[in-house]
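Colleague: Please find one structure pasted underneath; my questions will follow.
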Amino acid sequence: MCGIVGYIGKQQAAEIILNGLEKLEYRGYDSAGLAVFDGEKINISKSVGRLKALEELTHGGETMPGNIGIGHTRWATHGEPSETNAHPHLNSKGTIAVVHNGIIENYIKLRNKLTKKGYEFKSETDTEVIPQLIDYYYKGDPLEAISKVIHRVEGSYSLGIIFEDHPGEIFAARKSSPLIVGKNDSGSFIGSDVPALLKYTRKVYYIGEEEIVRLTPDEINFYDADGEEIEKQITEIKWDANAAEKGGYDHFMLKEIFEEPKTVRDTLNPRIRDGRVMIEELNMTDEEIRDLRKIVIVACGSAYHVGVSARYVLEGMARIPVEVDVASEFRYRNPILSKDELVIVISQSGETADTLEALRLAHSSGCKVLAIVNVVGSSIAREADSVMYTWAGPEISVATTKAYSAQLIAAYLIAIKFAYARDMISSAEMKEYIEDLKKLPDQIDLLLGGKERMQRFANRYVAARDVFYIGRGIDYAIALEGSLKLKEISYIHSEAYAAGELKHGTISLIEDGTLVVSVATQKDLYQKEISNMVEVKTRGAFVMAVTNEGNSEIEKAADYVVYIPETNKYFANSLAIIPLQLFGYYISVGRGLDVDHPRNLAKSVTVE
Ligand code: G6P
């Protein structure tokens, strides 16, 4: 988590940095800070709370003149959100300023050693050891000192560093935390993610593990951990510059929900050719696909929910055993993996620490890893054997919507491809699946047209205390995501249950008026789901159902029904999730909450 930005060039640094930080607030927003060199010394400004507070404090950067600076928006790990703990951090003399994203795992040991040598620490952060340790090694050559620090620190970091006695340079370094750098005619930039730089440049360099960067207004040089100069390829970012703007919507979340038809199309269309699914980036022959013994899907959060859905689709269509796990559990349970299994990791950011470690673990067991990733050039994309990009563009709202939808499409495509390669479906069946997939964007559009109705319904539940989501099969996977969408942005307690499991305890929580959202799109499980709805309704629940058009008899068991257009049973998730995303969104709006920046959360979880 945390976002970092840096600038060196002809323009005023503070304004550019504040603008970049605004685009990175999804990474953390409990405090923020700036360090700008004014020609003589490094000045620092920090504030607690959203970036707006720092903007007000510095009058949009005007009180911090200078052409070289670094900035940070924080998601606290070590030490509460406070001005003292906010970045940038300084060495004791105040001549080296550092912003950091990641965790320095051996910071206590380093801090104790430095304290014995007379260094005084002000904050509770792990980060403060960095400027102090740089100071300890610094003999006038920043590169040499940074290289020594890299060899001493354990953990993850992306760093932006300025030195008072090297006023023409910014330094940066990274390990297991994202960092990009770029240049335009006015100067050079560093940032945690593309949106921070998009306004200024589309040509960026992705920094590799344990690499160091030196930026001047006109030049960028790259070095390995030992300080040896290395060459790097420039990457052209194709994202639309407006992609990271709200574009007339009240919130990024609503904008991103409305981008779902396009996202689905963009992820789907390039992989359909002549009535067939073509996933060239898979790098697997049909024979290799046939020889697979098992698929293991690993991810976190909503991406994990995509995995739960994908299990039903892959097992159902391709008849291949699938195991799904959350990455934080997978990596510590000593999983039994073998070479004839494929590990699929799913991640919007491509930087989630647990998912990245799961990938590394799979590699060390000799498994091939396929990554479904949204952010081009991210750590997971770079380390996986093959990458299937979801072409969702930048997703800013912390609660994912369009990236989730794109991940589902990627999973369906893999399932169809595998099913065909394993002779589980004919080419005619493959064509039918493809036809159904192609209809999804228009069907999603249709559902988005019902947003006012969903808003009216949501307004009735803004004061709800508990909301339960139930479903069976794929509908259970949808329930998991619907429930997460609601709770993460509305702070209403919500749980998702496999509908048949409800009576093993949770049904005792149903009281008069408790809202139960029942997802019933799967024909073979429909009657059973209706029985579960009746069970909760007779105990006082208010039941909202999401089901397929034509299932009107559900109205006997449900108090409120949302119909989704007819699609193949395997693809129902892509449609049923839309009203549930809108429901979560409008509840949050109705409660007057900060929809795009829910408390305690961050979008890119780069710490364990
Ligand atoms: C965070 C985000 C979620 C996301 C999860 C996994 O919790 O708030 O929206 O699903 O991380 O992130 P990833 O980038 O790996 O998909």
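Colleague: Which strands (runs of 3 or more DSSP E) sit wholly inside segment 177-260 and have at least 1 residues that are closer than 18 Å to I146 by Cβ and aromatic (F, W, Y)?
Modeller: Where strands (runs of 3 or more DSSP E) fall fully within segment 177-260 and carry at least 1 residues being closer than 18 Å to I146 by Cβ and aromatic (F, W, Y), they are 203-206, 220-223.
Colleague: Give the number of residues within segment 347-390 that are open to solvent by 20 Å² or more (accessible area, probe 1.4 Å) and away from the ligand (no atom under 11 Å from the Cβ).
Modeller: 14
Colleague: Only one of I104, I108 is of a type outside the set (D, E, K, R) and open to solvent by 40 Å² or more (accessible area, probe 1.4 Å); which?
Modeller: Unique residue meeting the criteria: I108.
Colleague: If you don't mind, there's one more thing I want to ask. Report the residue count in segment 494-535 for those that are in contact with a helix residue (DSSP H, G or I) (Cβ under 6 Å, 6 or more places away or on another chain), hydrophobic (A, V, I, L, M, F, W, C) and open to solvent by 10 Å² or more (accessible area, probe 1.4 Å).
Modeller: Of the residues in that region, 3 qualify.
Colleague: Something else about it: How many residues are buried (at least 23 other Cβ atoms within 10 Å of the Cβ), farther than 21 Å from A419 by Cβ and not hydrophobic (A, V, I, L, M, F, W, C) when one looks only at segment 305-346?
Modeller: Qualifying residue count, segment 305-346: 1.
Colleague: Something else: Condition first: touching a residue at least 40 places away in the same chain (Cβ under 8 Å) and open to solvent by 30 Å² or more (accessible area, probe 1.4 Å). Now tell me which residues in segment 210-251 satisfy that.
Modeller: E210, R214, P217, D226, T235, W239, D240, A241, D250, H251
Colleague: Which of the residues that make up segment 478-493 are more than 14 Å from the ligand (Cβ to nearest atom), buried (at least 24 other Cβ atoms within 10 Å of the Cβ) and not β-branched (V, I, T)?
Modeller: A479, S490
Colleague: Tell me, yes or no, whether segment 451-462 has at least one residue that is closer than 30 Å to D512 by Cβ and hydroxyl-bearing (S, T, Y).
Modeller: Yes - at least one qualifying residue is present in segment 451-462.
Colleague: I would also like to ask the following. In segment 274-299, what count of residues is obtained for those that are part of a strand (DSSP E or B), touching a residue at least 60 places away in the same chain (Cβ under 8 Å) and either of a type outside the set (A, V, I, L, M, F, W, C) or open to solvent by 20 Å² or more (accessible area, probe 1.4 Å) (or both)?
Modeller: Number satisfying all stated conditions: 1.
Colleague: Does V129 satisfy the criteria of being under 33 Å from the mean Cα position of the chain (by Cα), open to solvent by less than 10 Å² (accessible area, probe 1.4 Å) and over 15 Å from H89 (Cα atoms)?
Modeller: no
Colleague: Shifting gears a bit: For segment 8-39, which residues satisfy the criterion of being assigned to a strand (DSSP E or B) and hydroxyl-bearing (S, T, Y)?
Modeller: S31
Colleague: Next question, about the same structure. Name the strands (runs of 3 or more DSSP E) wholly inside segment 340-453 in which the number of residues that are β-branched (V, I, T), within 18 Å of L282 (Cα to Cα) and touching a helix residue (DSSP H, G or I) at 6+ places or on another chain (Cβ under 7 Å) is 2 or more.
Modeller: Hits in segment 340-453: 341-347, 368-373.
Colleague: Within segment 565-608, which residues are in a loop (DSSP other than H, G, I, E, B), within 14 Å of the ligand (Cβ to nearest atom) and of a type in the set (A, V, I, L, M, F, W, C)?
Modeller: Those that are in a loop (DSSP other than H, G, I, E, B), within 14 Å of the ligand (Cβ to nearest atom) and of a type in the set (A, V, I, L, M, F, W, C): V595, L601, A602, V605, V607.
Colleague: Enumerate the pairs (first residue in segment 92-118 and in contact (Cβ under 8 Å) with a residue 24 or more places away in the chain and at negative phi; second residue anywhere and open to solvent by 40 Å² or more (accessible area, probe 1.4 Å) and in a helix (DSSP H, G or I)) with beta-carbon separation below 9 Å, excluding pairs fewer than 6 apart on the same chain, so at least 6 apart or on different chains.
Modeller: N106/R152; L110/R152
Colleague: Could you list, in sequence order, all residues of segment 525-564 that are of a type in the set (A, V, I, L, M), within 35 Å of the chain's Cα centre (by Cα) and over 23 Å from L509 (Cα atoms)?
Modeller: L525, V562, I564
The values are calculated or read from the model by the stated rules, or taken from the named source; none is laboratory data. Keep in mind it's a predicted model, so treat the numbers as computed, not measured. Please note: Cβ atoms are built from the backbone with ideal geometry, for glycine as well, and neighbour counts cover all protein chains shown. Keep in mind that these areas ignore ligands, DNA and RNA; they rest on the heavy atoms of the full protein, side chains included. Shrake-Rupley method; radii C 1.70, N 1.55, O 1.52, S 1.80 Å.
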